[in-house]
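The values are calculated or read from the model by the stated rules, or taken from the named source; none is laboratory data. Just so you know, these numbers come straight off a predicted model, no measurement behind them. Note that each Cβ is placed from the backbone with ideal geometry, even for glycine, and that neighbours are counted across all protein chains shown. What goes into the accessible areas is simple: the full protein's heavy atoms, side chains included, and nothing from ligands, DNA or RNA. Shrake-Rupley method; radii C 1.70, N 1.55, O 1.52, S 1.80 Å.
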Amino acid sequence: MQIHAIADDVFMVSGIASNWTLVREGRDLTLIDAGYPKDLGAVIAAVEHIGNRVEDIRGALITHAHVDHVGALPQLQEIHRFPLHAHEHELPMLRGEAHEQATAADVLPQCWRPRTALWTLTLLRAGALSSIRLPQTQAVRTGTALDLPGAPVALACPGHTSGHTIYHLPRAGVVLTGDALITGHPVTSRVGPQLLPALTAHDPVGLYDTLGSIAQIDADTLVPGHGPVWRGRMRAAVAEARASAAPVFTRPRP
């Protein structure tokens, strides 16, 4: 686990194979995403490292329903129950009624690549095959400041999943992009704004298109779901990601 102070009272935590964020206001915390199931201890340790307790969490915001972003939430809820929020289109996945995540059948044919094979072993050890159900999650309100520490603003950015959502912290000039726009991943040596491999996206073309929404955000710090923090204007981040995107992201839908 690594903790990075991004701005005043904004902390990105890098876990086994994904990032999550803590936003503090006074003694109260907003948790944004929560890593894999095996990241539970790291989530708790990160909260305590910045001088807080799990009981200070007033709510959690979910970028999307994939196991590497919600894995620790069921166990955290057993310690301290707090409201969970996600886009309404993610709720069927959180209830277990729908599935929009790459499966073993998608990943295994790529495991001849050493980076992909190592990443696959890592995520399996992290609890990637766990079945996560969070039926109590509420639909998040988009476009206006939420009544949570840090006053985050939820913005729908579908493509990676149908209800993928990013969170803007206007006071801090920070955008938490989840998997809509990342800056690094174990399957590639590239570092900098980029898209995840297309096999991980429910709608690759939609994911490419949603970058336009990110480019319009007034912020100078990008906190991704995978990879290091990136400093610069969102328009520049999007231009870099689009320049390196594989053709599958720009092909017309069948």
Exercise. For segment 52-73, what are the residues that are over 19 Å from Y167 (Cα atoms) and open to solvent by 40 Å² or more (accessible area, probe 1.4 Å)?
Worked result: R53, E55
Problem set entry | Odd one out for I6, checked against (1) of a type in the set (A, V, I, L, M); (2) open to solvent by less than 10 Å² (accessible area, probe 1.4 Å); (3) closer than 20 Å to L181 by Cα; (4) not in a loop (DSSP other than H, G, I, E, B) | (2)
For this session: Check whether at least one residue in segment 58-71 is of a type in the set (V, I, T), touching a Gly at 6+ places or on another chain (Cβ under 6 Å) and in contact (Cβ under 8 Å) with a residue 60 or more places away in the chain, and report yes or no.
Result: yes
Exercise. From H80, H87, which residue is buried (at least 20 other Cβ atoms within 10 Å of the Cβ) and within 20 Å of D147 (Cα to Cα)?
Worked result: H87
Exercise. Residues A180, A151: which one is in a loop (DSSP other than H, G, I, E, B) and either open to solvent by less than 10 Å² (accessible area, probe 1.4 Å) or in contact with a helix residue (DSSP H, G or I) (Cβ under 7 Å, 6 or more places away or on another chain) (or both)?
Worked result: A180
For this session: Looking only at segment 94-102, decide whether some residue is open to solvent by less than 60 Å² (accessible area, probe 1.4 Å) and modelled with pLDDT under 70.
Result: yes
For this session: Please go through segment 199-222 and pick out each residue that is β-branched (V, I, T) and either within 19 Å of T144 (Cα to Cα) or in contact with a helix residue (DSSP H, G or I) (Cβ under 6 Å, 6 or more places away or on another chain) (or both).
Result: T210, I214, I217
Exercise. Surrounded by 15 or more Cβ atoms within 10 Å (Cβ to Cβ) and in contact with a strand residue (DSSP E or B) (Cβ under 9 Å, 6 or more places away or on another chain): does that describe V47?
Worked result: yes
For this session: Return the total of residues in segment 227-254 being at pLDDT below 95 and part of a loop (DSSP other than H, G, I, E, B).
Result: 7
Exercise. How many residues does segment 197-216 hold that are surrounded by 22 or more Cβ atoms within 10 Å (Cβ to Cβ) and assigned to a loop (DSSP other than H, G, I, E, B)?
Worked result: 1
Problem set entry | Matching residues in segment 18-55 - criterion: being at positive phi and either in a helix (DSSP H, G or I) or of a type in the set (D, E, K, R) (or both) | D33
